[in-house]
Amino acid sequence: ILAFEISRRMGMPYTPYCRPVEVILNGEYKGCYQLCDQIEVNENRINITEMEKEDITQPNLSGGYHIEIDSYAWSEASYFVSNKGIPVTIKSPDEDDIVKQQRDYITTYFNNFERAVFADNFTDGNNGYRKYLNIESFLRYVLIEELCGNPDELWSIHLTKERNSDKLNVALVWDFDIAFDNERRAYPTDRFDDFLFTTQVNVASETVRQIASRIVKEDAAACEQMTHLWKRARLEQGINVESLLEYIDKTVLLLNEAQALNFMRWKILDQMVHENPQAAGSYEGEVEVLKNFISKRVPKMDILVGE
């Protein structure tokens, strides 16, 4: 919920709607959960052109596509592996509707992007990787993921390519279960003096880490643009410690009654769950962990990105 709020404030074009709910199934109380949008191509979600099987010539062949750099691509029905080993799931058109011409087109396009990132002229504004990537969408994505301290930043990345567009766009943020200092291998996040994605945590492939590094750390124009986006977010979009802590406090109040019942049903507050590095022992203690993380991470981002 907090990560999605940060996404909205950072100006992502689509942030999945979500809200906390209590679930009762067949008369049995199941606890408190986060209910949110299903990720799908829809004018109110991922708003791109839905392709038909007949779209096999230009300009219709150019889009729209929804793909995901996906560590679990091999378990999906429709996927490809890039020339440098990046696993990519083709989400739309789905496996029942996509035809060979469409699969070949988006595979070739992604490989062209990948090749451009590793070319000697990769920073060239016209012929480098910017020819294939909406750089602002990627930089916003990195800022959100880094602010949230998400070790899955490069584990899964949703991309779109719209019809008659020359660029891939990062479509949304997703999957924050081990963010906010909730992963033992990356804990504590602020012990790193560089971006989290540079550390030995979760990546779909090392090529993805190399791509992120090429863009964020080796392209001076991208670095400058990222600093500009961060400054604007800090000054105009509510990305500051005081405002984010206020949002956390409001959400705590919203969840107060539900959390009490949830932790009567699931007695896990003093247990290590999945990759947790610590167990605070109480709901209030876990809230403080989150607030302490935000209080430290925002100023650390100022250092990493540049004020």
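The values are calculated or read from the model by the stated rules, or taken from the named source; none is laboratory data. Every value quoted in this text rests on a predicted model; they were computed, and no experiment measured them. Virtual Cβ from ideal backbone geometry, glycine too; neighbours counted across all protein chains shown. These accessible areas exclude ligands, DNA and RNA; they are computed on the full protein's heavy atoms, side chains included. Shrake-Rupley method; radii C 1.70, N 1.55, O 1.52, S 1.80 Å.
Here are a few things to note about the model shown:
- Computed over protein heavy atoms with a 1.4 Å probe, the carbon and sulfur contribution to the accessible area of region 31-171 reaches 42%.
- Share of Cα-Cα pairs in region 161-307 lying beyond 23 Å, as whole percent: 50
- Using C-alpha pairs below 8 Å separated by at least 6 residues, the relative contact order for region 139-279 is 27 percent.
- Top positive-direction residue, dipole computed over region 165-307 with Cβ charges, set Leu244, Ile178, Gln259: Ile178
- Entry note, region 1-78: relative contact order of 18 percent, from Cα contacts under 8 Å with a spacing of 6+ residues.
- When each of Lys267/Lys300; Lys53/Lys131; Lys30/Lys296; Lys217/Lys250; Lys84/Lys291 is checked by Cα-Cα distance, pairs over 32 Å: Lys267/Lys300; Lys30/Lys296; Lys217/Lys250; Lys84/Lys291
- Helices in the chain, meaning DSSP H runs of at least 4 residues, each add -39500 (n - 2.57). Divided by all residues, the mean residue ellipticity at 222 nm is -12500 deg cm²/dmol.
- Low-density loop cleavage sites - trypsin sites (Lys or Arg not before Pro) in region 239-307, where at most 15 other Cβ are within 10 Å (DSSP): Lys267
- Hydrodynamic radius (Kirkwood) for region 1-110, which is based on Cα pairs only, to one decimal in Å: 16.4
- By accessible area, using a 1.4 Å probe on protein heavy atoms only, region 203-247 has 49% of its surface on carbon and sulfur.
- Top positive-direction residue, dipole computed over the chain with Cβ charges, set Leu159, Phe138, Ser7: Phe138
- Trypsin sites (Lys or Arg not before Pro) restricted to region 6-87 and DSSP loop, no more than 13 other C-beta within 10 Å: Lys53
- Rounded to the nearest 10 degrees, the inclination of helix 135-147 to the longest alpha-carbon principal axis of the chain is 20 degrees.
- Per the Cα gyration tensor, the chain maps to an equivalent ellipsoid with semi-axes of 34, 25, 17 Å, ordered largest to smallest.
- About its Cα centre, the dipole of region 212-307 is roughly 160 debye, where the only charges are +1 on Lys and Arg Cβ and -1 on Asp and Glu Cβ.
- Binned Cα-Cα distance frequencies in region 36-94 - 5 Å width, integer %: 4, 18, 21, 22, 21, 11, 3, 0
- No Cys partner within the rule (Cβ under 4.7 Å), the chain: Cys32, Cys148, Cys223
- Low-density loop positions, chymotrypsin sites (Phe, Trp or Tyr not before Pro), region 1-73 - DSSP coil, at most 12 other Cβ in 10 Å: Tyr17
- The charge dipole of region 87-195, taken about its Cα centre with unit charges on the Cβ of Lys, Arg, Asp and Glu (plus for the first two, minus for the last two), comes to roughly 440 debye.
- Under the Debye formula (equal points on every Cα, no solvent term), log10 I(q)/I(0) of region 120-190 at q = 0.23, 0.28 Å⁻¹: -0.96, -1.19
- Rounded to the nearest 20 debye, dipole of the chain from Cβ charges on Lys, Arg, Asp, Glu: 420
- The angle separating the long axis of helix 206-218 from the principal Cα axis of greatest extent in the chain is about 90 degrees.
- Residues of region 42-94: accessible area per residue with a 1.4 Å probe, Å²: 50
- Per residue accessible area of region 206-307, 1.4 Å probe, in Å²: 56
- Placing unit charges on the Cβ atoms of the charged side chains and taking the dipole of the chain about its Cα centre, the candidate lying farthest along the positive direction among Phe113, Asn202, Leu35 is Phe113.
- Between the Cα long axis of helix 283-305 and the first principal axis of the chain there is an angle of about 40°, rounded to the nearest 10.
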